[in-house]
Amino acid sequence: QVQFVESGGGLVQPGGSLRLSCAASGRIFSISAMGWYREAPGKQRELVARIFRGGSTNYADSVKGRFTISRDNAKNTVYLQMNNLQPEDTAVYYCNGVPALGGYWGQGTQVTVSS
């Protein structure tokens, strides 16, 4: 069993910043990479950032240069620092393994970017 609990979302103006957190618990030792996903209204869920156990990262083109993913292995926590947020970043954000562990999605955290 694995559990992911996301937090840190909210309402922010364009150009603002937020930091999301994801606390992972359970049988996570087998997960080699963790990712942040987002699902905007009317769109499919997409992977926006990924971090491997060794610390290497990669990002979707839409967030590259604005978002930073990091992890604290001792705390089993993954973070997503989001800067220069834009209205198109509005979505529910989720964390999960990469590839995603089906059936173990958390409740997500809502990020709304609006003036």
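Determine whether GLY97 is out of contact with any Leu (no Cβ under 9 Å at 6 or more places or on another chain) and open to solvent by less than 30 Å² (accessible area, probe 1.4 Å). Answer is yes for this residue. If the condition is being open to solvent by 60 Å² or more (accessible area, probe 1.4 Å) and of a type outside the set (Ser, Thr, Tyr), then region 20-46 contributes ARG27, PHE29, GLU39, PRO41, GLY42, LYS43, GLN44, ARG45, GLU46. Listed by first and then second residue, the pairs with beta-carbon distance under 6 Å, at least 6 apart or on different chains, first residue in region 96-107 and within 9 Å of ILE31 (Cα to Cα), second in a loop (DSSP other than H, G, I, E, B), are GLY97/ILE31.
Within region 77-90, residues that are under 14 Å from GLY16 (Cβ atoms) and open to solvent by 50 Å² or more (accessible area, probe 1.4 Å) sit with their Cβ atoms under 6 Å from residues that are of a type in the set (Lys, Arg) and not in a strand (DSSP E or B), at 6+ positions apart or across chains, in these pairs: ASN83/ARG66; ASN84/ARG66. Residues that are within 17 Å of GLY108 (Cβ to Cβ) and modelled with pLDDT of 95 or more number at least 3 in the following strands (runs of 3 or more DSSP E) confined to region 1-97: 2-7, 10-12, 18-26, 33-39, 46-52, 77-82, 91-97. Only a single criterion out of (1) surrounded by 14 or more Cβ atoms within 10 Å (Cβ to Cβ); (2) of a type in the set (D, E, K, R); (3) in contact with a Ser or Thr (Cβ under 6 Å, 6 or more places away or on another chain); (4) without any contact (Cβ under 8 Å) to a residue 60 or more places away in the chain is not satisfied by ARG71, namely (3). Note on region 100-115: residues that are open to solvent by less than 50 Å² (accessible area, probe 1.4 Å) and in a loop (DSSP other than H, G, I, E, B) amount to 3.
Pick from region 1-19 the residues that are of a type in the set (Val, Ile, Thr) and open to solvent by less than 50 Å² (accessible area, probe 1.4 Å): which of them is farthest from TRP36 (Cα to Cα)? Break it down into steps so the answer makes sense when it comes.
Taking region 1-19 and keeping what is of a type in the set (Val, Ile, Thr), we get 2, 5, 12.
Add one more test, that the residue is open to solvent by less than 50 Å² (accessible area, probe 1.4 Å), and what stays is 2, 12.
Working: VAL2: 16, VAL12: 19 Å.
Checked region 1-19; the qualifying residue farthest from TRP36 (Cα to Cα) is VAL12.
For region 41-90, a residue qualifies if it is of a type in the set (Lys, Arg) and under 15 Å from the mean Cα position of the chain (by Cα), and the qualifying residues are ARG45, ARG50, LYS64, ARG66, ARG71.
The values are calculated or read from the model by the stated rules, or taken from the named source; none is laboratory data. The model shown is predicted, which means the values in this text are computed figures rather than measured ones. Because the Cβ atoms are built from the backbone with ideal geometry, glycine has one as well, and the counts that use them run over all protein chains shown. With ligands, DNA and RNA removed, areas are computed over all heavy atoms of the protein, side chains included. Shrake-Rupley method; radii C 1.70, N 1.55, O 1.52, S 1.80 Å.
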